[in-house]
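Derivation of every value follows stated rules applied to the coordinates shown; laboratory data play no part. Small disclaimer: the values here were computed from a predicted structure and weren't measured. All Cβ positions, even for glycine, are placed from backbone atoms using ideal geometry, and neighbour counts span all protein chains on display.
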């Protein structure tokens, strides 16, 4: 099993309750890439495997 962790800019501000829940702030994702720019690389890494998000 491998792990790949990266912040992704959602293209809109993160609501304050989500910031409190996750600890991820708007400042942290300001320079992060969009999912669209990462999608092809992500698909290549996962080879269509199931992705699981753990908190």
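Using Cβ counts within 10 Å as a stand-in for footprinting exposure, how do 35, 17 rank, fewest first? Walk me through the numbers on the way to the answer.
Numbers: 35 13, 17 8.
Least crowded to most crowded, the residues run 17, 35.
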Open item on the list: What distance in nm separates the two pseudo spin-label positions at residue 43 and residue 20, each 7 Å out from Cα along the beta-carbon direction?
Closed with: 3.9 nm
